[in-house]
Structures are given as structure tokens and as C-alpha cells.
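Before anything else, here's the structure in question.
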Amino acid sequence: MNIILLGPPGAGKGTQAQRLVEERGMVQLSTGDMLRAARTSGTEMGKKVAEVMDRGDLVTDEIVIGLIREQLEGDAVDGGGAAGFIFDGFPRTLAQADALGALLKELDQPLDRVIELEVNDDVLVDRIVGRAAEAAAKGEPVRADDNEESLKVRLLAYYKQTSPLIGYYYAKGDLVSVDGLASMDEVAASIKDALV
């Protein structure tokens with residue numbers, strides 16, 4: 001089963017993806033992780049990624065799709081051991097959604113569900129800023145961008161680029177929305193129901 005997790009920064013996509021990895025044996029394809037791994041891999045694709053990142057440029061959709069192709073084909077070569085893939089942080093734009101759809105079709109892989117973690121922005125900002133303050137008080141590391149201003153910038157970017165995907169996947173009949181502000185266990189249960 002292949003799924004996409006959609007939702008604004010801080011909605012809990014990474015947390016829920018990790019649970020699916022542990023409970024179902026799915027593979028989380030986080031574009032950030034893939035880019036960092038590719039950069040140090042020494043492969044042709046890795047050299048391209050390193051070159052682009054060293055210049056301070058954004059990695060192209062073509063490169064990201066290439067990395068995803070490597071992961072999907074690698075799983076097929078390894079006997080298809082994964083119980084499916086979780087696309088985390090990709091696609092972010094309609095062009096990327098089209099490219100991913102074309103790649104999955106070419107590799108004869110389904111896209112089973114797109115799960116949107118719905119959140120109220122004000123509550124989300126309060127939650128993340130509060131969590132960061134708590135962590136700082138305990139001397140734990142805090143993400144540099146877990147402050148109100150940075151979060152609002154990240155949310156704006158999400159709504160400009162990524163929120164059109166909600167309508168796109170809804171029209172295809174793939175979208176299931178769950179309450180991203182419920183407790184972690186409740187969100188996990190809602191996702192589990194959506195994957196039946």
C-alpha cells in the first residue's frame with residue numbers, strides 16, 4: 001500500500017509516518033532524508049544532488065523523482081520487501097503530483113490513499129511554539145524555525161504551493177482527511193481506518 005501524507009508543517013506527518021513504519025513495515029520516503037543520503041552516496045544521482053546543494057540551489061523535481069524511482073526500483077529488485085511506501089514531503093506541487101503519478105503508473109505501483117492531516121493554523125502555531133518553549137526549558141534541542149514568525153512563513157509557503165493538492169487528490173477520489181489536532185493515538189487510529 002502506497003500513501004501520501006499531506007498537511008502543513010508541524011501537523012504530525014513525521015510522527016505518524018514513523019508509526020506506520022514501525023507497525024506496518026512501510027518505508028518512509030522523506031525527500032529531505034533521501035537528498036541527504038544521496039549527497040553522500042557517491043552515485044551519479046548523488047553527485048548531481050551534491051552539486052546543486054553546494055551551489056545553494058533548490059533540487060529540481062526531476063532529481064527528486066529520480067531519487068524516488070531509485071527507491072521504488074530498489075525495493076522491486078530486493079524482492080518487494082516493503083509493505084508499501086509513505087511519501088512524506090512529496091509531492092509539494094501539482095507538477096510534482098503529476099510526475100509522481102506518471103512514475104507510479106510506469107512502475108505499475110498503486111497510489112492507495114492520500115491522507116490529509118487537517119489542522120487549525122492558530123492552534124497549530126500555539127502548539128508548536130509551546131512545545132519549543134517546553135523543550136528549551138528542559139534544555140532539549142529546539143528547531144531554529146519553531147517560532148511564530150518562521151512558522152507563519154512556512155505555513156504561507158504550504159498554502160501557496162501544496163494546498164492545491166488537496167483538491168487535486170479529492171477530485172481523483174484518493175483523499176481522506178483526518179483531524180490532525182487530535183491526540184497522536186486518535187490520529188493514528190483515524191489513519192488506520194483510512195487504510196482499510
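Please list, or write none, the aspartates and glutamates whose alpha carbon is within less than 17 Å of the alpha carbon of Lys47, excluding same-chain residues fewer than 8 places away.
Asp33, Asp57, Asp61, Glu62, Glu70
Something else: Can you run phi through the Karplus equation (6.51, -1.76, 1.60; θ = phi - 60°) for the range 5-22 and list ³J(HN,Hα) in whole Hz, with x for Gly and Pro?
9, 10, x, x, x, x, 6, x, 4, x, 4, 6, 4, 4, 5, 5, 4, 5
Then there is this: Please give the calculated 222 nm ellipticity per residue for the chain, where each DSSP H segment of at least 4 residues contributes -39500 (n - 2.57) and the sum is spread over every residue; nearest 500 deg cm²/dmol?
Estimated from H runs of four or more residues: -18000 deg cm²/dmol.
Rounded, prolate or oblate: pick one for the range 1-88, where a ≥ b ≥ c are the square roots of the eigenvalues of its C-alpha gyration tensor, a/c under 1.5 means rounded, and failing that, prolate if a/b is larger than b/c, else oblate.
oblate
Could you state the accessible area per residue of the range 116-173 in Å², with a 1.4 Å probe and every protein chain left in place?
Per residue, the range 116-173 has 65 Å² of solvent-accessible surface.
Straight distance only, please: which lysines reach the Cα of Lys105 with their own Cα at less than 22 Å, same-chain residues fewer than 8 apart left out?
Once the sequence-local lysines are set aside, what remains near Lys105 is Lys172.
Could I ask something else about it? Over the chain, what percent of the accessible surface lies on carbon and sulfur atoms, probe 1.4 Å? Intermediate values should be presented prior to the final figure.
Working: 5470 of 10670 Å².
Looking at the chain in its full context, I get 51 percent from C and S.
Still on this structure, I have one more. Is the chain best put as rounded, prolate or oblate by its Cα gyration tensor, with a ≥ b ≥ c the root eigenvalues, rounded for a/c under 1.5, and otherwise prolate when a/b is larger than b/c, oblate when not?
Details: a/c = 1.57, a/b = 1.21, b/c = 1.30.
Taking the square roots of the gyration eigenvalues as a ≥ b ≥ c, the chain is oblate.
The values are calculated or read from the model by the stated rules, or taken from the named source; none is laboratory data. Worth saying up front: this structure is predicted, and the values here are computed from it rather than measured. In case anyone asks, the SASA skips ligands and DNA or RNA and just uses the protein heavy atoms, side chains included. Shrake-Rupley method; radii C 1.70, N 1.55, O 1.52, S 1.80 Å.
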